[in-house]
Each structure stands twice: as structure tokens, then as C-alpha cells.
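This report concerns only the one structure given below.
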Amino acid sequence: MKNLMIKYLLPAFVLLYLLFFGSSAALSDEGKEKFSAPGPTLETAFPKSNRIEVIPVKPGEEIPDWVARWELARVLSYAKLYDESINEYEKLLRKRPDLTEAKLELANVFFWKGNPDRAIRLLKQVPQKEMTEETKVLMADLLVAQKDYAEAEPLYKAYLNTHPEDQAVRLRLAEMLSWQKKYDASLNEYRKILKKRPDDMQVRRRYAFVLIWAGKHSEAASELKKTLD
Amino acid sequence: MRRSVLILSLIAIALLTTLTYHLLNPNWVLFRKGEIYYSKNKYSKAIPCYARLLKNGFETRELLLHLGTSYVATGDLEKADTIFRKIINQSPNKLAAVMELAGICTIFGRFKTATIFYRTFLQEQADNRSVRILLARVLTWSGHFDEAILEYKRALGEEK
């Protein structure tokens, strides 16, 4: 055993030692100059979630005018200067009609400005597959405001398929279904919400009202009683 | 017997080389220690290594830059400012140094300091569009929308 250790293990140890630790001693000063720790980046030190989005441009590359105009349009909307923001978005889209994301943002600005018709018209130009999940919800909300429930329903459902935990959107769908007198479907959505939020009295009351509209009076009374206990 | 003597000699050589290196080049050893902390974003641990090196007269641009960055990261902006001034004064290309430091401050969300650096740069090169846009971005991130809008418009040549 001792022989084995001397024969193999010790030489292996020595070689490994020289390889890993001896190398630092063998480094020339020039080599050491080159040893420099990687610096922090915008991503590692200042996470994206804490920043207002900018359009990325490769380092060293000149920032093109359309990028500056897009960012200006965004900042104008943050400053609630909606008319000016719309103006900048329209200038941008005249030059770059391919910028779907800018179109979606412009639709949002129209919505914030209180012009849902323009927002919907713009959103309808965007192919469904290029829409973000949040845009689908925005479009559904806008369609509901216009009482276009048939078009809104699949958008809410598509969103909830990928975001089943978003109870706020589920509630909007449940309400909309009840307005269409689709009581069973609406009650089904309310039950899903109440399963996750059993103590939400406001939702339970709305659920009870839909039960009344559906003619399920005794069940409604029991639910209303729960909100008074 | 001969084999064990050889092995022991090799171990002794390895140990001696390392020991000699540590004795002859303690600054480099400390620098590497600081760099390891820096690369792992452990800035508060890197600072004492770099500061001791500076005290020992071991002053390279890399060291100053990393020490300044570490001060920015830990929020010691006064000390960062002293280091950054030193870097700018020692740099053959002062504007490039100013830009580098503005970038570091932006990375760590020190927008006010970054704004000062970008404005300093623009005093020398007022028609540099890209830097004006970088300034506008920093102003946006710090919530100064009015000033950001003005800078974007200047970058687009729509405002003087």
C-alpha cells in the first residue's frame, strides 16, 4: 500500500500541485497585467426590471435616428404628453412601418388618451401571432368597452390559458360572460376565482348576483349569507 | 529510496517557488485577490485589497478603475469621485475616460453622477448625437422626463 502511494499517488499530487498552484508563480508580469476580472454589466448590476426599456444598439454603433425618435415617443408618453407622443410614434411608423412593437405602444397611448376606437383600429392591423399577451388583454378590454364581446372572449381565454393565475383578468371574463347571459360559463369562472380567493367578499357578492340572474336563488342566498358572516 | 528523494525535492521546489513568489510579489498576490472578489461582485471585500495596494504605491489604471467601480457599487460616491478624477487626470484621452466612468455610473444606477459625466463630455463635443441620447436615457431612468425630452429633441436636431 505504502509502495503504491509512493509510486503513483505522490507523483500525481506533485504534478497536480505544479500544474495548478505552481503556475501562478510561473506567470510573467506581462501575464499578470492581462489578468483582469470581468467587469459588471448593465444586466448584472442593474437588472432590466428596474429600468425603463431602451432599444438595444450594439456597443460602439451609432444610435440611429429612428431609435432616438422611438425613445422620445416613449418618454413623452411617460410624461403624459399623449398628443406629442402620438405625433412622434406616427413619424416613426411612417419611416419604419415594420415596427409592430411601436404600433402596440401607440395603441396603448391612444387608450391612455381616452381614444379606444383608434387603439382598436391600430391593434386590428397587428397580426395575432405578433401580439404580446398583455396586448391581447388590452385589446379584449377595448373590445369589451365597445360591447364587442364575441371578439373579446377568445382573447381573454387565450391569455388565461397561459396565465391561469391572473384572477383579475378571469374576473373580467366572468363579468363579460354574465353580461352575455352565458351564466353557466360565467359561474364556472367565478368558482375558479373563489377557489383561489375564498375570502374575497366582493367577488363572492358578484358571484351571488350571477346566481340570482341564473335563477339559482337558494344558492345565491347561501353565498350572500357567507359575505355577511 | 531515490524515487522518494526525487518526489520530496519536487514538493520542496513547488512550495519554495510559491513561497518566493508570495514574498517577492506580495502586491500582485493582493491584486489578484482583489480581482477575484471584484469578478464575483464582492465589491466591499475587493476595496480593502485595492486600497492597501494604493497605499503601497501599486497604482495601475486597472486598479484605479476597479477601485472606483467598487466604491460606486457600494455607494461610497465621494471616494469614487476622488478616484475617478485621478483616472481622468492620468488618462491621455480624457473624454474616453469620462465616457467610461459615465458608463460605470449608469450600470450601477448612479444616474446623477452619470449625468454630470455625460454633460462634461457634451461640453467638449456638443454635436455628439449618441452621447446626447445616452444622456437622455439616463435622464429618463432618473425620472427627469422634461430634460430627457429636450435632449432627445436636440439629438434629433429639432431643438437647439
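The values are calculated or read from the model by the stated rules, or taken from the named source; none is laboratory data. Since the structure is predicted, the reported quantities are computational estimates derived from the model, not experimental observations. Counting neighbours? That spans all protein chains shown, and the Cβs are built from the backbone with ideal geometry, glycine included. What goes into the accessible areas is simple: the full protein's heavy atoms, side chains included, and nothing from ligands, DNA or RNA. Shrake-Rupley method; radii C 1.70, N 1.55, O 1.52, S 1.80 Å.
Tabulated results
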quantity	calculated
Residue ID - nearest to A:Val137 (Cα to Cα), chosen from residues in the stretch A:169-188 that are buried (at least 19 other Cβ atoms within 10 Å of the Cβ) and in contact with a Ser or Thr (Cβ under 9 Å, 6 or more places away or on another chain)	A:Leu173
Residue match in the stretch B:135-142 (condition: among the charged types (D, E, K, R) and facing chain A (nearest Cβ under 9 Å))	yes
Conditions (1) open to solvent by less than 10 Å² (accessible area, probe 1.4 Å); (2) under 21 Å from B:Ile47 (Cα atoms); (3) assigned by TED's automatic domain parsing to the domain that holds B:Ala155; number of the one not met by B:Ala80	(3)
The stretch B:137-149: number of residues that are buried (at least 18 other Cβ atoms within 10 Å of the Cβ) and part of a helix (DSSP H, G or I)	8
Test: residue in the stretch A:111-127 that is charged (D, E, K, R), open to solvent by 10 Å² or more (accessible area, probe 1.4 Å) and under 18 Å from the mean Cα position of the chain (by Cα)	no
Identity of the residue in the stretch A:128-151, in contact with a helix residue (DSSP H, G or I) (Cβ under 8 Å, 6 or more places away or on another chain) and outside any helix (DSSP H, G or I), that ends up least open to solvent (accessible area, probe 1.4 Å)	A:Met131
Selection count where residues are within 19 Å of B:Lys79 (Cβ to Cβ) and open to solvent by 20 Å² or more (accessible area, probe 1.4 Å), scope the stretch B:90-102	2
Conditions (1) in the same structural domain as B:Asn41 (by TED's automatic domain parsing); (2) open to solvent by less than 70 Å² (accessible area, probe 1.4 Å); (3) among the β-branched types (Val, Ile, Thr); number of the one not met by B:Thr115	(1)
Filtered residue count, the stretch B:1-38, keeping only those that are assigned to a helix (DSSP H, G or I) and either open to solvent by less than 50 Å² (accessible area, probe 1.4 Å) or assigned by TED's automatic domain parsing to the domain that holds B:Ile104 (or both)	15
Residue that is surrounded by the fewest Cβ atoms within 10 Å (Cβ to Cβ) [pool: residues in the stretch B:48-62 that are modelled with pLDDT under 90 and closer than 21 Å to B:Phe108 by Cα]	B:Arg61
Contacts under 6 angstrom Cβ, first residue in the stretch B:42-61 being without any contact (Cβ under 8 Å) to a residue 40 or more places away in the chain, partner assigned to a helix (DSSP H, G or I) and open to solvent by 80 Å² or more (accessible area, probe 1.4 Å), 6 or more apart	B:Cys49/B:Lys33
Whichever residue in the stretch B:76-133 is within 14 Å of chain A (Cβ to nearest Cβ) and assigned to a loop (DSSP other than H, G, I, E, B) and, among such residues, is nearest to the chain's Cα centre (by Cα)	B:Phe108
Set B:Tyr71, B:Tyr50: member being among the hydroxyl-bearing types (Ser, Thr, Tyr) and away from chain A (no Cβ under 12 Å)	B:Tyr71
Selection status of A:Leu171, closer than 30 Å to A:Leu81 by Cβ and in a helix (DSSP H, G or I)	no
